[in-house]
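Q: I have a structure here, written as structure tokens, and I will follow up with some questions on it.
The values are calculated or read from the model by the stated rules, or taken from the named source; none is laboratory data. Because the structure is a prediction, the values reported are computed rather than measured. Using ideal geometry, Cβ is built from the backbone for each residue, glycine included, and neighbour counts are taken over all protein chains shown. We work out accessible area using only protein heavy atoms, side chains counted, and drop any ligands, DNA or RNA first. Shrake-Rupley method; radii C 1.70, N 1.55, O 1.52, S 1.80 Å.
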Amino acid sequence: MHTKTYDLIVVGGGILGTFHAYHALKKGLTVLHLEKDSVPAGSTVRNFGQVVPSGMAGEWFDYGVRGLEIYQTIQTELDISVRNNGSYYLASDDDEVQIIHELSAHYHTKGYAHELWHKEQVLSRFPQLKKDYVREALVFGQELSVEPDVMIQRLHRYLEQKFETYTLRYQTTVLGCDSSSQGVTVTATDKQTFQADHVIICNGYEFKILFRELFNDSNLEISKLQMLRTIPLKDILLAGNILTGLTIRRYESFETYCPSFHNVSAPAHYQELQQWGIHILFKQAPDGSIIIGDSHEYAPADQLEELGFTSKQFINDLMLTEANRILPLPIHSIATTWSGFYAQHKNHIVEHDIDHRIHIRTGIGGKGMTASAG
């Protein structure tokens with residue numbers, strides 16, 4: 001039995017739990033960080049790795065902007081895969097052009113740097129894009145990309161090197177969390193116990209281990225995403241986060257701040273795509289491979305199994321057809337496909353305190369990579 005008492009135990013090694021640990025360490029606290037898998041394998045590593053405050057609204061935009069600075073500060077000390085290549089929203093028709101102009105007007109009032117690019121500027125930067133797709137683009141040059149398959153483990157390594165008060169334990173599944181007047185006792189599957197003054201639980205979409213009854217009645221839902229990755233494509237240079245017309249018609253910043261958003265109708269070729277929550281994004285990795293996606297299917301938090309573990313080929317085909325309308329891809333260029341899952345809530349995050357010592361923070365949805373740091 002461990003007798004050491006930590007200031008804080010963080011349960012969950014994903015991006016949200018890791019940045020809770022980071023901020024506690026910055027305050028000088030002793031932190032024990034517990035992750036159930038041999039390495040994090042959930043939402044944090046199954047996404048694009050785009051850090052795009054421009055797509056957020058309200059306080060989440062502010063968190064994202066703060067996160068840009070935090071990511072870049074860490075990157076100067078250890079390579080965690082951060083690249084500053086910007087974000088590019090491609091408008092393909094009159095409605096999307098109108099919407100990006102309205103978002104531009106909003107960000108002028110916020111002082112958030114950006115540019116509107118005309119067609120020739122976009123095609124000069126990305127000559128492989130189809131000329132008949134691109135009309136204009138809204139560009140945020142300060143926004144970032146990270147590589148989700150490596151970033152989180154490098155971030156853990158950074159915390160271990162930077163802070164003597166940080167302890168990280170993989171393959172430690174927490175089964176119990178009980179508070180008393182003296183503190184919190186955390187019990188793991190290997191029968192070890194750990195003591196802390198406080199515990200923060202950032203459990204992503206894993207709702208079956210700790211406080212299951214709470215999550216069964218939480219109004220959380222699970223989103224299943226399908227994504228694809230090409231082989232390295234050395235002839236295509238696509239530096240940056242490339243977001244397209246369907247993204248303009250989906251992201252909350254456009255919905256919140258653009259008066260025309262709710263008045264535009266979807267062209268016929270968008271309707272089946274939107275039925276499956278598809279919006280096309282591209283992000284090229286350093287090896288030249290391109291991540292393409294994604295789609296969205298939903299189920300209540302206690303019915304994750306309804307979503308299944310397989311990828312639907314017709315959804316992949318829908319995404320590839322639309323992707324090729326924007327960026328022609330070589331035949332047989334898809335190397336891998338996968339499904340990702342994340343938990344989301346109508347209030348954007350679940351903040352529930354079991355008591356004054358045990359705190360649950362989860363259900364951040366697709367905001368994790370952008371907003372968690374801030």
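Q: Quick one: in the stretch 1-51, of everything that is of a type in the set (D, E, K, R) and under 14 Å from Arg169 (Cβ atoms), which residue is most open to solvent (accessible area, probe 1.4 Å)? Let's see the steps before the verdict.
A: Restricting attention to the stretch 1-51, the residues satisfying the condition of being of a type in the set (D, E, K, R) are 4, 7, 26-27, 35-37, 46.
Applying the additional criterion that residues be under 14 Å from Arg169 (Cβ atoms) yields 4, 35-37.
Details: Lys4: 105, Glu35: 15, Lys36: 82, Asp37: 50 Å².
Step by step, filter the stretch 1-51, then rank; the result is Lys4.
Q: From the set of residues in the stretch 312-337 that are under 20 Å from the mean Cα position of the chain (by Cα) and open to solvent by 30 Å² or more (accessible area, probe 1.4 Å), which is farthest from Lys208 (Cα to Cα)?
A: That would be Thr336.
Q: Just one of Ser223, Ser218, Ser253 is open to solvent by less than 50 Å² (accessible area, probe 1.4 Å) and part of a helix (DSSP H, G or I); which is it? Break it down stepwise before answering.
A: On the way: Ser223 fails: part of a helix (DSSP H, G or I); Ser218 fails: part of a helix (DSSP H, G or I).
Unique residue meeting the criteria: Ser253.
Q: Right, here's the next one. Quick one: Asp302 ticks every box in (1) open to solvent by less than 20 Å² (accessible area, probe 1.4 Å); (2) over 25 Å from Ala239 (Cα atoms) except a single one, so which number is it?
A: So Asp302 meets the others, but not (1).
Q: Something else now. Report yes if Gln72 is open to solvent by 50 Å² or more (accessible area, probe 1.4 Å), more than 16 Å from Gln153 (Cβ to Cβ) and in contact (Cβ under 8 Å) with a residue 12 or more places away in the chain, otherwise no. It would help to see each step written out before you state the result.
A: Numbers: open to solvent by 50 Å² or more (accessible area, probe 1.4 Å): yes; more than 16 Å from Gln153 (Cβ to Cβ): yes; in contact (Cβ under 8 Å) with a residue 12 or more places away in the chain: yes.
In short, yes.
Q: Same structure again: So, of the residues in the stretch 72-121 that are of a type in the set (Lys, Arg) and in contact with a strand residue (DSSP E or B) (Cβ under 9 Å, 6 or more places away or on another chain), which turns out to be farthest from Pro53 (Cα to Cα)?
A: As a first pass, look at the stretch 72-121 and keep what is of a type in the set (Lys, Arg): 83, 110, 119.
Narrowing the set further to residues that are in contact with a strand residue (DSSP E or B) (Cβ under 9 Å, 6 or more places away or on another chain) leaves 83, 119.
Numbers: Arg83: 15, Lys119: 24 Å.
Once the filter is applied, the top-ranked residue is Lys119.
Q: Would you check if Gly277 is open to solvent by less than 70 Å² (accessible area, probe 1.4 Å), farther than 24 Å from Ile222 by Cβ, assigned to a loop (DSSP other than H, G, I, E, B) and not hydrophobic (A, V, I, L, M, F, W, C)? Spell out the reasoning first.
A: Working: open to solvent by less than 70 Å² (accessible area, probe 1.4 Å): yes; farther than 24 Å from Ile222 by Cβ: no; assigned to a loop (DSSP other than H, G, I, E, B): yes; not hydrophobic (A, V, I, L, M, F, W, C): yes.
Judged against the criteria, Gly277 is not a match.
Q: Which count do you get for residues in the stretch 166-186 that are under 19 Å from Ala21 (Cα atoms) and either open to solvent by 50 Å² or more (accessible area, probe 1.4 Å) or not β-branched (Val, Ile, Thr) (or both)? Before the answer, list the steps.
A: Within the stretch 166-186, the subset under 19 Å from Ala21 (Cα atoms) is 166-174, 177, 183-186.
Retained after the next criterion (residues that are either open to solvent by 50 Å² or more (accessible area, probe 1.4 Å) or not β-branched (Val, Ile, Thr) (or both)): 166, 168-171, 177, 183.
Here the count works out to 7.
Q: Checking Gly340 against (1) open to solvent by 70 Å² or more (accessible area, probe 1.4 Å); (2) within 18 Å of Leu225 (Cα to Cα): exactly one of these is not met. Which one?
A: Checking Gly340 against (1) open to solvent by 70 Å² or more (accessible area, probe 1.4 Å); (2) within 18 Å of Leu225 (Cα to Cα), the one that fails is (1).
Q: Follow-up. Could you tell me how many of the residues in the stretch 131-165 are open to solvent by 10 Å² or more (accessible area, probe 1.4 Å) and either among the charged types (D, E, K, R) or free of Cβ contacts under 8 Å to residues at least 40 places away in the same chain (or both)?
A: Looking only at that region, the number is 11.
Q: So, one more: Can you pull out every residue in the stretch 295-311 that is assigned to a loop (DSSP other than H, G, I, E, B) and either at pLDDT 95 or above or among the small types (Gly, Ala, Ser) (or both)?
A: If we filter the stretch 295-311 for residues that are assigned to a loop (DSSP other than H, G, I, E, B), which is where we start, we get 295-296, 308-311.
Across the stretch 295-311, the qualifying residues are Ser295, His296, Gly308, Ser311.
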